[in-house]
Amino acid sequence: SEDEFTLLKAGCAIPVACREPVFFKGEYHFDGGVAEPIPLQKAFEDGCDKVILVLTKSRQEYMRPMLATKVLSARIRRYPQVFELMRTLHTRCEEILGKVSELEKEGKVLVIEPSDCFGMNTLTREYEPMTKMYEQGYRDAERIIEFIRNK
């Protein structure tokens, strides 16, 4: 239905890429990753014993401050809470990824992260780097079965 497509658009509304949030059921929405970039704690609260964390870029990339702060402030100045969440995104990711490292050592988390992003970013549309990234992810995913089987 129309509402389902609107919900999907809201889940993809990245503040840097979208000029405005998506209006859905009486509220404005941006991508949920703005509020909770890596919902690790939620997974454990929901009863997961182990978590497979698939990152779209290296851990170091998640911990870098956004270079587009001026763009952010211009595009979302009407949404100061969203701006603040985006401004502090790297520090929140750093905190979560610190916990991830501990949980990896305990065997509770498996991280699949690219060793090379082949020049890709969030908005890349070129076929070749996307194919290389897919193939790398496919190879990396072979570790999942062993992780799940280990108690």
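Annotations
- Those residues of region 128-148 which are surrounded by 11 or more Cβ atoms within 10 Å (Cβ to Cβ) and farther than 17 Å from C117 by Cβ, in sequence order: R143, I144, F147, I148
- Residue selected from region 81-98 under the condition β-branched (V, I, T) and closer than 13 Å to Q60 by Cα, by the criterion least open to solvent (accessible area, probe 1.4 Å): I96
- Filtered residues of region 99-122 (kept if open to solvent by 40 Å² or more (accessible area, probe 1.4 Å) and on the phi > 0 side of the Ramachandran plot): F118, G119
- Filter result for R125 (in contact (Cβ under 8 Å) with a residue 12 or more places away in the chain and either within 21 Å of E36 (Cβ to Cβ) or open to solvent by 50 Å² or more (accessible area, probe 1.4 Å) (or both)): no
- Any hit, region 64-75, residues being open to solvent by less than 70 Å² (accessible area, probe 1.4 Å) and at pLDDT 80 or above: no
- Filtered by the rule that a residue be touching a residue at least 12 places away in the same chain (Cβ under 8 Å) and farther than 22 Å from E84 by Cβ, region 1-11 gives D3, T6, L7, K9.
The values are calculated or read from the model by the stated rules, or taken from the named source; none is laboratory data. Just so we're clear, the structure is a prediction, and the values are computed from it rather than from any experiment. Heads up, the Cβs are rebuilt from the backbone with ideal geometry, glycines too, and the neighbour counts pull from every protein chain shown. These area figures cover heavy atoms from the full protein model, side chains too; ligands, DNA and RNA do not enter into them. Shrake-Rupley method; radii C 1.70, N 1.55, O 1.52, S 1.80 Å.
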